[in-house]
Amino acid sequence: MKHIIDPLDLSVEEIDSFMDLADKILADPAAYAHVCKGKKLATLFYEPSTRTRLSFESAMLNLGGNVLGFSSAADSSASKGESVADTIRVVSHFADICALRHPKEGAPLVAAMHSKIPVVNAGDGGHQHPTQTLTDLMTIRALKKRLSHMTVGICGDLKFGRTTHSLLRSLARYPDIRFVLISPPELATPDYILDELREKGVPFQEVERLEDVMPGLDVLYMTRVQRERFFNEEDYIRLKDSYILDAQKMTLAKEDMIVLHPLPRVNEIAVEVDDDPRACYFEQVRYGMYIRMALIIKLLGLEEGI
């Protein structure tokens, strides 16, 4: 039994195999429509989510399986004080696989230690978000035809953004990747991630101005400043509009650069950018469903019978 808690739980070869399977499903969804018949996915979401929860649920339903769970801590026995460990012990009797999101870093790991079914981390605080990373990698590979030899700009909240942490650590394992980290000093990338990049010899630069680096980027990954991660409202208000990507800034970019965003966005990407063919963040959502279908199939050991 395998759990997916950290993006580095998967080797590069395993990640590539997930994406290869997702490509097959995307090409012929009907062939996989009954793979998970009789199987159940539990979605245990202790904090709000739209895309990730619905993506997991759509993935399981598209595979012919069933879904159960809750969409907030208030709708679960957590509101009565039940621990994550006890919840997963119970859910292990009801479902075959679990996707868990929790505001506390490390909660999915605790669940995995007590679970009898595979646990997938669907986001834990400001820590990691491995399935969003799989979504990001698949989107880049599908649109750029490679996961190597490129310069990737990551912009916004790089301190609390779990999607950025997971993407940096995973993409750093591919050949000839260069990162441009764009943030105000208060929201800079954590030292432990920068140390990992240095140890791997992955080149990166930290800058504050998006305009200065736009011309050299192959991928621009925008993120929102996350209100829910701040300890006081004043800091959030001061930093929330640090970066706004608009049509004027897009004129500085390469013709084949792509713009990604894990969503939801607030105002860090102007609506006018949506019509630019380089804006790929809604297409990114579609790839997320297919990569989660592949993930479910592989973790349940159902691939051989297809």
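Quick notes on this structure:
- Filtering region 23-53 to residues that are at pLDDT 95 or above, farther than 22 Å from Ala112 by Cα and within 22 Å of the chain's Cα centre (by Cα) leaves Asp23, Lys24, Ile25, Leu26.
A quick yes/no check of all residues on (1) surrounded by 15 or more Cβ atoms within 10 Å (Cβ to Cβ); (2) at pLDDT below 95; (3) within 14 Å of Thr223 (Cα to Cα); (4) not polar (S, T, N, Q):
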residue	(1), (2), (3), (4)
Ser242	yes, yes, yes, no
Met257	yes, no, no, yes
Cys280	yes, no, yes, yes
Gly288	yes, no, no, yes
Ala294	yes, no, no, yes
Leu299	yes, no, no, yes
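- Residues of region 147-185 classified as surrounded by fewer than 18 Cβ atoms within 10 Å (Cβ to Cβ) and at positive phi, total: 2
- So Val213, is it part of a loop (DSSP other than H, G, I, E, B), closer than 18 Å to Val152 by Cα and at pLDDT 95 or above: no
- Within region 9-42, being in contact with an Asp or Glu (Cβ under 6 Å, 6 or more places away or on another chain) and open to solvent by less than 70 Å² (accessible area, probe 1.4 Å) holds for one residue alone: Lys39.
- The single residue among Thr52, Thr43 that is touching a strand residue (DSSP E or B) at 6+ places or on another chain (Cβ under 8 Å) and assigned to a helix (DSSP H, G or I) turns out to be Thr52.
- Assessment of region 245-255 against the conditions (at pLDDT below 95, assigned to a helix (DSSP H, G or I) and open to solvent by less than 20 Å² (accessible area, probe 1.4 Å)) yields no matching residue.
- Scan region 159-191 for residues that are assigned to a helix (DSSP H, G or I) and either in contact (Cβ under 8 Å) with a residue 40 or more places away in the chain or under 17 Å from Asp9 (Cβ atoms) (or both) and the total you get is 12.
- Residues in region 98-123 that are out of contact with any helix residue (DSSP H, G or I) (no Cβ under 6 Å at 6 or more places or on another chain) and open to solvent by 60 Å² or more (accessible area, probe 1.4 Å): Pro103, Lys104, Glu105, Leu109, Met113, Lys116.
- Total residues in region 90-117 satisfying the condition of being within 15 Å of Asp9 (Cβ to Cβ), at pLDDT 95 or above and part of a loop (DSSP other than H, G, I, E, B): the figure is 1.
- With respect to (1) assigned to a loop (DSSP other than H, G, I, E, B); (2) closer than 26 Å to Ser17 by Cβ; (3) free of Cβ contacts under 8 Å to residues at least 60 places away in the same chain, the lone exception for Arg286 is condition (1).
The values are calculated or read from the model by the stated rules, or taken from the named source; none is laboratory data. Keep in mind the model is a prediction, meaning the values are calculated, not measured. Here the Cβ is made from the backbone with ideal geometry for all residues, glycine too, and neighbour counts use every protein chain on show. Accessible surface areas use protein heavy atoms only, side chains included; no ligands, DNA or RNA. Shrake-Rupley method; radii C 1.70, N 1.55, O 1.52, S 1.80 Å.
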